[in-house]
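First up is the structure itself, then whatever we jot down about it.
The values are calculated or read from the model by the stated rules, or taken from the named source; none is laboratory data. Note that the structure is a prediction, hence the values are computed from the model and not measured. Heads up, the Cβs are rebuilt from the backbone with ideal geometry, glycines too, and the neighbour counts pull from every protein chain shown. Surface accessibility is based on the protein's heavy atoms, side chains included, excluding ligands, DNA and RNA. Shrake-Rupley method; radii C 1.70, N 1.55, O 1.52, S 1.80 Å.
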Amino acid sequence: MTETDENMEYLIFSIMAIVATVCAILVISHRNPVVSALFLIATMVSLAILFLALNAPFLAAIQIIVYAGAIMVLFLFVIMLLNLRKDEFGPERRKAQRFFAVLFGFLFLILLATAIDVGLSSFGQREVAAESLSPAGVENLAQVLFTEFLFPFELASVLLLIAIVGAIVMAKRKL
Amino acid sequence: MVPLSSYLILSAVLFTIGVLGVLVRRNILIMFMSIELMLNAVNLALVAFSREFGAVDAQVFVFLVMTVAAAEAAVGLAIIICLFRNRKSVNVDDLNLMKW
């Protein structure tokens, strides 16, 4: 990897990390669910770009198509179907709960950071030959997915079928 | 190469924001979006590990997590529609029938 490539990766990571974090904070802080959903789409797109930087082009495409496309459109559909008025957003005034949530969320973040630090230093001496790690192209992924993980893959299709049936049974007024 | 720890910290930050969303907000739709945010944060960690160790297995896990997320979104949103039809509210504080 040349030096410009390396700088490029740092630049992409920094920008996308900031965009993802800011949009994620806006997701949970904005009052209107439609705006929240749009910011969540922005978070997912920036994560897709990070996937590209991490040599996972297939997952980046799936992230955009399935997450930012299908799932979030479903969300927006439901939000607009419910047709909420301003007063139906409900009261959000629980100052004490918000204070403790932020406090313990911060402590949780420190806990996670410590765990990452300890965990990473425990295998710090490993030898990673950066050249030997071939980029996980779509071929490699497909190879593993359709041989070693064939059974989970088939189970996933059954899971999706059950989800479709369940969603229709619940959301339909009269069958 | 951006070190693995940077990606993991970003993942931890996004996960924590998701947790905060579930704890702070009372709107069930936004709580649901926070859950999606947490799933995404975990996906990012898995993909970062996949690159670091040259293992494609982690990407298969991400693929399966996305499948589960899609199923979860479909069923969860159907439940929300049912709830709204019966209770005319998306505020979780109004849904306290089974609360002790």
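Within 10 Å of each Cβ in A:26-32, how many Cβ atoms from other chains are there, averaged over the peptide?
Mean number of neighbouring Cβ atoms from other chains: 5.
Got a number for carbon plus sulfur as a percent of the protein assembly as shown's accessible area, 1.4 Å probe?
72
How many square angstrom of accessible surface are buried between A and B, both sides summed, with a 1.4 Å probe and rounding to 100?
Buried area (both sides, nearest 100 Å²): 6900 Å².
How big is the charge dipole of the protein assembly as shown about its Cα centre, in debye rounded to the nearest 20, if each Lys and Arg gets +1 on its Cβ and each Asp and Glu gets -1 on its Cβ?
For the protein assembly as shown, the charge dipole is close to 2060 debye.
On average, how many beta carbons from a partner chain sit within 10 Å of the beta carbon of a residue in B:2-12?
Per residue, the number of nearby Cβ atoms from other chains is 6 on average.
Just to be sure I understand the interface: list residues from region A:149-175 that lose 40 Å² or more of accessible area between the chain on its own and the complete protein assembly, 1.4 Å probe.
Residues meeting the cut-off: A:Phe149, A:Leu159, A:Leu160, A:Ala163, A:Met170, A:Ala171, A:Arg173.
What is the packing order of peptides B:88-100, A:16-28, taking the mean over residues of other C-beta atoms within 10 Å and listing the highest first?
Packing proxy ranking, top to bottom: A:16-28, B:88-100.
Please give the average number of partner chain Cβ atoms lying within 10 Å of the Cβ of each residue in B:39-50, rounded to a whole number.
Per-residue shielding by partner chains comes out at 5.
Looking at chain A as a GNM with Cα springs under 10 Å, which of A:Gly105, A:Gly69, A:Gly137 has the largest mean-square fluctuation?
Result: A:Gly105 has the largest fluctuation of those listed.
Heavy-atom accessible area per residue, the protein assembly as shown, 1.4 Å probe: how many Å²?
53
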